[in-house]
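This report refers to the structure that appears directly beneath it.
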2 protein chains.
Amino acid sequence: MSDTIRIVEVGPRDGLQNEKMPVGVADRIAFVAALVDAGLSTVEVGAFVSPKAVPQMVGSDEVLRASLKLPGEFHVLVPNEKGYEAARAAGAQVVAVFASASEGFSRANINCSVAESIERFKPVIARAQADGVRVRGYISCVLGCPFDGQVPVQAVVDAATTLWDLGCYEVSLGDTIGVGTPTKVRELLRACAEAVPMASLAMHFHDTYGQALANLYAGLEEGARVIDSAAGGLGGCPYAPGATGNVATEDVVYMLEGMGISTGVDMDKLIAATNGVSSLLGRPPVSRVVNALNAKNKRVTGTTSS
Amino acid sequence: MSDTIRIVEVGPRDGLQNEKMPVGVADRIAFVAALVDAGLSTVEVGAFVSPKAVPQMVGSDEVLRASLKLPGEFHVLVPNEKGYEAARAAGAQVVAVFASASEGFSRANINCSVAESIERFKPVIARAQADGVRVRGYISCVLGCPFDGQVPVQAVVDAATTLWDLGCYEVSLGDTIGVGTPTKVRELLRACAEAVPMASLAMHFHDTYGQALANLYAGLEEGARVIDSAAGGLGGCPYAPGATGNVATEDVVYMLEGMGISTGVDMDKLIAATNGVSSLLGRPPVSRVVNALNAKNKRVTGTTSS
């Protein structure tokens with residue numbers, strides 16, 4: 001397990017998009033810069049979505065433009081051709097599209113069936129390919145749906161196959177509501193790896209029920225090598241308000257480094273970035289590592305930290 | 001991995017002992033009863049230690065007497081012969097002794113060397129054996145020490161061998177400060193299983209850095225079958241104030257049940273027990289599962305929960 005693990009930092013997008021309190025453009029730009037400075041080389045920085053539906057992502061074009069001056073790879077979410085055009089105008093080189101593995105979530109989230117959502121982003125992928133833009137595919141609710149309950153493994157495999165066949169370079173498997181457990185993760189990865197190479201499957205787990213790190217370890221054992229995470233565990237879950245969001249990058253880094261897998265991340269800098277955005281959000285981070293190290297530093301230095 | 005996993009609920013002792021706010025005897029008796037009613041059949045209910053040093057455990061004789069009227073197995077911690085006598089007078093049938101794997105922690109925690117601490121509980125074990133009382137052995141700091149830093153695997157194996165050879169029926173490996181990661185857990189268990197049968201090794205992990213569930217899953221993969229946990233993640237860590245304590249029983253149960261391993265625990269009843277004690281402590285539970293399900297229930301029922 002000593003080979004390289006890639007971390008895709010999704011805090012500025014999947015994280016902040018699901019926080020009640022919007023963070024302004026300048027602060028988001030500073031947040032991305034801090035994450036890059038901490039050693040995170042792939043960061044999802046924004047979404048070209050309706051500003052009315054998702055005010056947290058307003059100004060994603062500015063955030064992307066500023067990010068592209070930094071070293072690293074920067075992703076933005078695009079739901080449709082309009083979003084794609086705006087993303088391209090801001091210089092996007094990697095875009096992400098998304099589909100649900102469950103009909104119930106697709107209806108509730110984007111008001112169309114899974115098949116319709118795929119039809120909707122087919123032209124996006126086609127245009128991206130023509131433009132030489134790489135496309136990442138997200139699948140949500142891969143281990144359970146807040147509306148449909150259990151999601152059949154085959155539904156995930158079908159969605160993964162579709163995204164891969166359409167030309168996505170990577171398929172990110174999202175446990176959107178955090179209900180997965182290790183054996184189910186392994187079963188799912190094994191099944192998806194029949195359709196998509198294991199090296200091109202990302203694990204995108206939410207920590208709603210505290211299972212995310214165990215699930216990631218199980219997935220690493222199964223051979224997966226890409227992890228989506230958010231600094232400070234940003235995000236929350238709209239289906240369980242008050243619950244935890246994305247797995248915290250700090251907790252992931254702590255586990256990987258403890259296992260002898262180098263991440264290139266400077267933990268102190270990362271925690272500083274998290275503390276900064278947490279104080280803007282007006283709430284403490286949910287990352288266990290951040291809280292433990294903040295408590296320790298407070299004890300040692302006598303200073304307060306957010 | 002479908003065989004039985006045993007959970008040792010340590011909330012009323014290792015949990016409450018490390019909470020700033022003491023919980024009264026009657027409330028602790030009610031807490032134990034609620035845990036048993038929720039399906040936890042092995043519960044550590046108290047410690048026969050100095051009331052001056054550990055006021056949280058005052059009245060452990062009353063708590064034990066009341067517990068012994070319930071169905072299940074009830075443990076109490078005894079540091080020395082005096083404690084053992086008091087525990088026996090209250091009817092103890094299982095006692096726990098403890099040693100550290102690191103000299104620094106031993107000195108700080110019980111003001112003597114590891115070797116001296118072993119000499120101290122040798123007569124306890126001898127008397128327990130004569131009385132037909134079973135003895136459980138705890139080893140602390142098995143994956144790191146707040147004073148000595150790294151702890152050699154051999155130091156843990158030596159302590160485990162000593163406890164086993166003296167007659168302990170089970171040796172509980174404590175990651176007291178929660179710094180372990182999955183591969184280190186597996187290495188440690190593999191080494192200890194050379195001296196103590198794997199079935200007689202318990203995993204006692206704190207969730208300070210969020211690693212506990214991943215570590216437990218790794219340990220299960222390695223063959224371990226006993227898990228110590230505390231309802232609601234009670235406990236905290238004296239070396240990182242504000243940090244998380246024992247791994248939460250709810251999070252463990254969620255993982256095991258999700259993996260198809262039946263625990264016999266009624267999650268709703270367990271969460272009710274946790275919410276009850278959390279309101280006495282005046283702080284929210286740290287268990288991800290408890291917080292997520294409390295949030296969900298609040299949303300559904302419109303009622304508030306602690």
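Key figures for this structure:
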quantity: Qualifying residue in the range B:209-222 (condition: among the acidic types (D, E), crowded, with 24+ Cβ neighbours inside 10 Å and on the phi < 0 side of the Ramachandran plot); calculated: no
quantity: Yes/no for B:G282 being at positive phi, modelled with pLDDT under 95 and either out of contact with any Pro (no Cβ under 8 Å at 6 or more places or on another chain) or more than 13 Å from every other protein chain (Cβ to nearest Cβ) (or both); calculated: yes
quantity: Test: residue in the range A:32-50 that is of a type outside the set (V, I, T), modelled with pLDDT under 95, more than 13 Å from the chain's Cα centre (by Cα) and surrounded by 17 or more Cβ atoms within 10 Å (Cβ to Cβ); calculated: no
quantity: Single unsatisfied condition, B:A130 versus (1) among the small types (G, A, S); (2) buried (at least 16 other Cβ atoms within 10 Å of the Cβ); (3) outside any strand (DSSP E or B); calculated: (2)
quantity: Selection within the range A:190-205 - surrounded by 24 or more Cβ atoms within 10 Å (Cβ to Cβ) and either within 10 Å of another protein chain (Cβ to nearest Cβ) or more than 15 Å from A:A230 (Cα to Cα) (or both); calculated: A:C192, A:L201
quantity: Filter result for A:T244 (at pLDDT below 90 and crowded, with 24+ Cβ neighbours inside 10 Å); calculated: yes
quantity: Flag if B:D228 is closer than 18 Å to B:A99 by Cβ and within 14 Å of chain A (Cβ to nearest Cβ); calculated: no
quantity: Residue count for the range B:59-72, restricted to those that are in contact (Cβ under 8 Å) with a residue 12 or more places away in the chain, surrounded by fewer than 19 Cβ atoms within 10 Å (Cβ to Cβ), farther than 20 Å from B:R127 by Cα and not small (G, A, S); calculated: 5
quantity: Given (1) hydrophobic (A, V, I, L, M, F, W, C); (2) closer than 20 Å to B:E44 by Cβ; (3) at pLDDT 95 or above, number of the condition B:I110 does not satisfy; calculated: (3)
quantity: Residue ID - farthest from B:P152 (Cα to Cα), chosen from residues in the range B:76-118 that are hydroxyl-bearing (S, T, Y) and crowded, with 24+ Cβ neighbours inside 10 Å; calculated: B:Y84
quantity: Some residue of the range A:63-76 being part of a loop (DSSP other than H, G, I, E, B) and over 19 Å from A:V8 (Cα atoms); calculated: no
quantity: Some residue of the range B:164-180 being more than 15 Å from the chain's Cα centre (by Cα), under 24 Å from B:M255 (Cβ atoms) and either within 14 Å of another protein chain (Cβ to nearest Cβ) or in contact (Cβ under 8 Å) with a residue 40 or more places away in the chain (or both); calculated: yes
quantity: Filtered residues of the range B:104-119 (kept if within 18 Å of B:T161 (Cβ to Cβ) and not in a loop (DSSP other than H, G, I, E, B)); calculated: B:S106, B:V114, B:A115, B:E116, B:S117, B:I118, B:E119
quantity: Subset of the range A:285-295 that is under 20 Å from A:D266 (Cβ atoms) and assigned to a loop (DSSP other than H, G, I, E, B) - its residue that is farthest from the other protein chains (Cβ to nearest Cβ); calculated: A:P285
quantity: Any hit, the range A:259-267, residues being of a type in the set (A, V, I, L, M, F, W, C), within 8 Å of chain B (Cβ to nearest Cβ) and either in contact with a Phe, Trp or Tyr (Cβ under 6 Å, 6 or more places away or on another chain) or assigned to a loop (DSSP other than H, G, I, E, B) (or both); calculated: yes
quantity: Hey, B:G219 within 8 Å of chain A (Cβ to nearest Cβ) and of a type outside the set (D, E, K, R) or not; calculated: no
quantity: Members of the range B:161-187 that are touching a strand residue (DSSP E or B) at 6+ places or on another chain (Cβ under 7 Å) and surrounded by 22 or more Cβ atoms within 10 Å (Cβ to Cβ); calculated: B:L163, B:C168, B:E170, B:V171, B:S172, B:L173, B:G174, B:D175, B:T176, B:I177, B:G178, B:G180
quantity: Members of the range A:33-89 found to be under 22 Å from A:A99 (Cβ atoms) and among the basic types (K, R), listed by number; calculated: A:K82, A:R88
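The values are calculated or read from the model by the stated rules, or taken from the named source; none is laboratory data. As the structure is a prediction and not an experimental result, all values here were calculated from the model. FYI the Cβ positions are ideal-geometry reconstructions off the backbone, even for glycines, and counts take in every protein chain you see.
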